[in-house]
Amino acid sequence: MIPSRDELLKKAVSTKRWDIIIIGGGATGLGVAVDAATRGYTTLLVEARDFGKGTSSKSTKLIHGGVRYLRQGNIKMVMKALRERGRLLNNAPHIVHPLRFVVPCYRWWHKPWYGIGLKLYDALARNLGIAPSKILNREETLSYVPGINPVGLRGGVEYWDGQFDDARLLVSLAQTAVLNQAIVLNYVEVVDLVKTKGLVTGVRVRDVESGTTFELEAQSVINATGIETDFVRRMDNVAAAPMMQAAQGIHVVVDSSFLSTDTAIMIPDTDDGRVLFGVPWHGKLLVGTTDTPREEISKEPEPLEVEIDYLISHIARYLSKPFTRKDVLSVFAGLRPLVRANKAETKSISRDHTLEVSASGLVTITGGKWTTYRQMAEDAINRAERALGRPRRPSITRTLALSDRTSSDATSGSGSKQIHPDLPYTEDDVRRAVTDEWARSVEDVLARRTRSLFLNAAVAMEVAPKVANLMANELGWDENRQQSEVKGFLQVAKIYSVHHI
Ligand SMILES: Cc1cc2nc3c(=O)[nH]c(=O)nc-3n(C[C@H](O)[C@H](O)[C@H](O)COP(=O)(O)OP(=O)(O)OC[C@H]3O[C@@H](n4cnc5c(N)ncnc54)[C@H](O)[C@@H]3O)c2cc1C
């Protein structure tokens, strides 16, 4: 049995002191919670909104070394990420799976050039590789990706990487942490740090649902708040110099018929020197991404016109079927938590992670990528252990199987009614999102427990009242609450609908 949020909250309030409190329930924070709990430390994680409401549900959904970092010469980082890719494929096979990529080649030198680069990529994965890369002729390329523009096509290069559902992996991490005695709470915000004799000894939190505030004590407090890292650092030290730089990336989702395949494409060189992916995902095609520096840190970042135009105009060149704005089913924006560098362009800032311990003992872990969350977590707990003053315990997460009670595909086909003919989710998925996965709002269910909003914004809007009704039965909502849930969801969903922009 997975304990409910109420049960977890009660335990949190009645516990005198924690070994470790983690702030932030994205990939980094939940990874840290799993690492800490499985080493046997008493662990509490608090997330101000929903798990993954920040950046971690808005990625390109790739578990990868990052071919483009290879081009930047960051071999060590690629190697580390490829090692993590191999581990995740082993530890969470119900969510992370191998995916074939094809780099389409339109110039004579592309095949040898990308072919050699991808052989290096293979080699860096060592014994954790998926399958060797291969040069493809024109016919093979067209057979793997029938939707690709054939004009001038000379062939391609095939390679393999990992793909996943980011928000589903977060649920799996949260469940794994709880099954190992951790407490994880969504909708509990840290509003201040508690200090004793100049050292951080706990957090002051607000239960967003009830409005109650209370204090929780810990031997070590870990800041894993992604793009909001500096806000928490300033709770510790008002004069803390900013560390974070946000870079927005957007994706558009379209019908799978544009590529008609289960193979992804990688375009290695766009006009502004970025890579572009077209990735089959839950029966649709996900296209991304951009890299736009943002000064403002929004809790619900909005795609810019210019970003949408950029993606559409670039991907259209590589597809045989005409691709226009009206084909976009959903668009979503996320903010990369990059650690500042003295460089003007965010696309060239390192994706390596940063660990900082302040004079008062606050541990901050940030930067990095989804793919490397586990290594980030291990490093953070290794560092936090010093504050615990006990014999060190090694991390066991390299080979730890993650909870597999989460696959939303599991109930599809179980006989439960689909919530909408255009969505691969059932009424049971909605109920289970509430009972086993801590969904608290219609948005939690439609955006992150199922990925309806990301797959088709208009359909998600249509199905919202039905989802509110199903949730009402589980959570005891009255008519007013159902209506306000739907209204709140529609406001967020508009941002995902390109036709409203
Ligand atoms: C467009 C895009 C594409 C990407 N694609 C990939 C990819 O394909 N593969 C890959 O490996 N990586 C990818 N990344 C990178 C990856 O998504 C991020 O590195 C990762 O999700 C960051 O996780 P995080 O936990 O540090 O931050 P977040 O997910 O933002 O989590 C931080 C959490 O802290 C919470 N929080 C903030 N303040 C408080 C507070 N006071 N109290 C309590 N909680 C608080 C927030 O609500 C938030 O949920 C991509 C990133 C972007 C933007």
Problem set entry | Candidates LEU453, LEU470, filtered to the one that is within 16 Å of ASP50 (Cβ to Cβ) and in a helix (DSSP H, G or I) | LEU453
Exercise. Just a yes or no: is a residue in the stretch 152-166 surrounded by fewer than 24 Cβ atoms within 10 Å (Cβ to Cβ), closer than 30 Å to SER358 by Cβ, touching a Lys or Arg at 6+ places or on another chain (Cβ under 6 Å) and at pLDDT 95 or above?
Worked result: no
Exercise. When you look at TYR144, is it more than 16 Å from the ligand (Cβ to nearest atom) and of a type in the set (Phe, Trp, Tyr), yes or no?
Worked result: yes
Exercise. Has the stretch 344-352 got at least one residue that is modelled with pLDDT under 90, over 25 Å from ASP166 (Cα atoms) and more than 14 Å from the ligand (Cβ to nearest atom)?
Worked result: yes
For this session: Please note which strands (runs of 3 or more DSSP E) are completely contained in the stretch 237-313 and include at least 1 residues that are outside the structural domain of ASP50 (by TED's automatic domain parsing), in contact with a helix residue (DSSP H, G or I) (Cβ under 6 Å, 6 or more places away or on another chain) and more than 15 Å from the ligand (Cβ to nearest atom).
Result: 244-255, 284-288
Exercise. Are there any pairs, at least 6 apart or on different chains, whose C-beta atoms fall under 8 Å, with the first in the stretch 91-120 and on the phi > 0 side of the Ramachandran plot and the second at pLDDT below 95, and if so, which?
Worked result: none
Exercise. What are the residues in the stretch 265-304 that are at pLDDT 95 or above, closer than 23 Å to ILE227 by Cβ and of a type in the set (D, E, K, R), if any?
Worked result: GLU302
Problem set entry | Evaluation of THR42 against (1) within 22 Å of the chain's Cα centre (by Cα); (2) more than 13 Å from the ligand (Cβ to nearest atom) (one fails), failing number | (1)
Problem set entry | Extreme residue, farthest from the ligand (Cβ to nearest atom), among residues of the stretch 47-77 that are aliphatic (A, V, I, L, M) and modelled with pLDDT of 95 or more | ILE63
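Give the residues of the stretch 215-227 that are out of contact with any Leu (no Cβ under 9 Å at 6 or more places or on another chain) and either within 11 Å of the ligand (Cβ to nearest atom) or more than 19 Å from ALA384 (Cβ to Cβ) (or both), sorted by residue number. It would help to see each step written out before you state the result.
Of the residues in the stretch 215-227, the ones out of contact with any Leu (no Cβ under 9 Å at 6 or more places or on another chain) are 215, 217, 225.
Selection gives GLU215, THR225.
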Exercise. Does at least one position in the stretch 426-442 carry a residue that is part of a loop (DSSP other than H, G, I, E, B), more than 16 Å from the ligand (Cβ to nearest atom), of a type in the set (Val, Ile, Thr) and modelled with pLDDT of 95 or more?
Worked result: no
Exercise. Mind checking which residues of the stretch 357-376 are within 14 Å of LEU30 (Cβ to Cβ) and of a type in the set (D, E, K, R)?
Worked result: ARG374
Seminar exercise, completed: Every listed condition ((1) buried (at least 21 other Cβ atoms within 10 Å of the Cβ); (2) in a loop (DSSP other than H, G, I, E, B)) holds for ILE222 save (2)
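Within the stretch 58-150, considering only helices (runs of 4 or more DSSP H) that don't extend past its boundaries, which have at least 2 residues that are within 23 Å of the chain's Cα centre (by Cα)?
Result: 67-71, 75-91.
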For this session: Answer yes if at least one residue in the stretch 478-487 is modelled with pLDDT of 95 or more and in a loop (DSSP other than H, G, I, E, B), and no otherwise.
Result: yes
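Would you say ALA377 is crowded, with 21+ Cβ neighbours inside 10 Å, part of a loop (DSSP other than H, G, I, E, B) and at pLDDT 95 or above?
On the way: crowded, with 21+ Cβ neighbours inside 10 Å: yes; part of a loop (DSSP other than H, G, I, E, B): no; at pLDDT 95 or above: yes.
When the stated conditions are applied, ALA377 does not pass them.
The values are calculated or read from the model by the stated rules, or taken from the named source; none is laboratory data. All of these numbers come straight from a predicted model, not from anything done at the bench. Using ideal geometry, Cβ is built from the backbone for each residue, glycine included, and neighbour counts are taken over all protein chains shown.
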